[in-house]
1. Rounded to the nearest 500 deg cm²/dmol, what is the calculated helix-only ellipticity per residue at 222 nm for the chain, with -39500 (n - 2.57) per DSSP H run of length n ≥ 4?
2. Sequence-distant or interchain residues sharing an amide H contact under 5 Å with Thr133, placed H: which?
3. Considering only C-alpha atoms, what is the centroid distance from the stretch 132-172 to the stretch 1-70, in Å?
4. From the residues Val117, His25, Leu127, which one has its Cα farthest along the dipole of the stretch 8-140 in the positive direction, the dipole being from +1 and -1 charges on Cβ of Lys/Arg and Asp/Glu about the Cα centre?
5. Using Stokes-Einstein with the Kirkwood hydrodynamic radius over Cα pairs, what translational diffusion coefficient do you get for the chain at 4 °C and a viscosity of 1.567 mPa s, in µm²/s rounded to a whole number?
6. How big is the dipole moment of the chain about its Cα centre under a simple scheme where the beta carbon of each Lys and Arg is +1, that of each Asp and Glu is -1, and everything else is neutral? Debye, nearest 20, please.
7. Quick one: helix 96-112 against the long Cα principal axis of the chain, what's the angle to the nearest 10°, folded into 0 to 90?
8. Specify the angular offset, from 0 to 90 degrees and rounded to the nearest 10, of the alpha carbon long axis of helix 56-68 from the longest principal axis of the alpha carbons in the chain.
Amino acid sequence: MRLFVAVTPPSAALTELGRAAQQLHALPHADRLRWTDPATWHFTLVFLGEVGEELLPELDERLGRAARRHPPHEVRLAGGGRFGDRTLWAGAEGELETLRALARSAGAAARRSGVAVDESRPFHAHLTLARATGRARVNLRPFADALAGFTGTPWRVGRLELVRSHLPGSGQPGERPRYEGVRAWDLGH
Ligand code: ATP
Ligand code: MG
């Protein structure tokens with residue numbers, strides 16, 4: 001199954017970001033981007049990819065231990081950026097060192113469980129808002145710039161989640177994956 005480890009902001013924080021993101025839809029070429037569904041917004045801490053069922057018990061155990069080793073911490077959604085001209089994202093501010101350490105521990109937990117985690121990309125706290133797909137060439141800079149002034153209300157990262165991604169099978173353009181929570185653990189105190 002296709003899995004990733006994530007942190008989900010509370011709905012109040014997502015509503016604030018939703019309002020800011022709504023204004024981006026009025027920018028030129030917004031319709032050429034594939035926008036993510038606000039109901040699924042999250043921070044990916046570790047992307048696991050395909051994981052065999054047999055690895056789940058140990059993964060479960062180790063991720064739980066990783067979560068307990070880090071304290072709850074405060075962050076807020078803020079600003080935006082892009083990965084090239086492919087991905088537009090909202091950023092975060094606050095106790096990102098703790099979030100980064102949590103991501104590192106979750107990655108190590110997954111590797112020790114036998115998951116082949118891609119270590120080439122360092123963790124970068126971001127919440128994907130839109131993607132340019134296919135042949136669409138859209139300059140994402142104006143979108144990222146429009147988010148520069150956005151700062152959300154601080155919230156507490158208190159839970160680590162293991163999420164399953166069901167990719168759309170129909171091949172319909174624009175169809176989005178469905179996410180399903182598998183497990184969640186409270187951070188340590
Ligand atoms: P789609 O692939 O259709 O755009 P998606 O990216 O939301 O949808 P997944 O590809 O299953 O769905 O990814 C789940 C989460 O993991 C997303 O937050 C995605 O950005 C992240 N992710 C996917 N692939 C990678 C990767 N190779 N490295 C890091 N993060 C990834
Ligand atoms: Mg993807």
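1. On the way: 4 runs with 51 residues, N = 189.
The per-residue figure over the chain is -8500 deg cm²/dmol.
2. Excluding prolines and chain starts, which carry no amide H, the hits are Arg34.
3. Taking the Cα centre of each part, the stretch 132-172 and the stretch 1-70 sit 8 Å apart.
4. Farthest towards the positive end: His25.
5. Translational diffusion coefficient: 75 µm²/s.
6. Numbers: 26 positive and 21 negative charges, 73 e Å.
That gives the chain a dipole magnitude of about 340 debye.
7. On a 0 to 90 degree scale, this one is about 50.
8. Rounded to the nearest ten degrees, it is 80.
Bear in mind that the values in this text are calculations on the coordinates, not laboratory data. Just so it is clear, the structure is predicted and the values come from calculations on it, not from any experiment. Cβ: placed from backbone, ideal geometry, glycine included. Neighbour counts: every protein chain shown.
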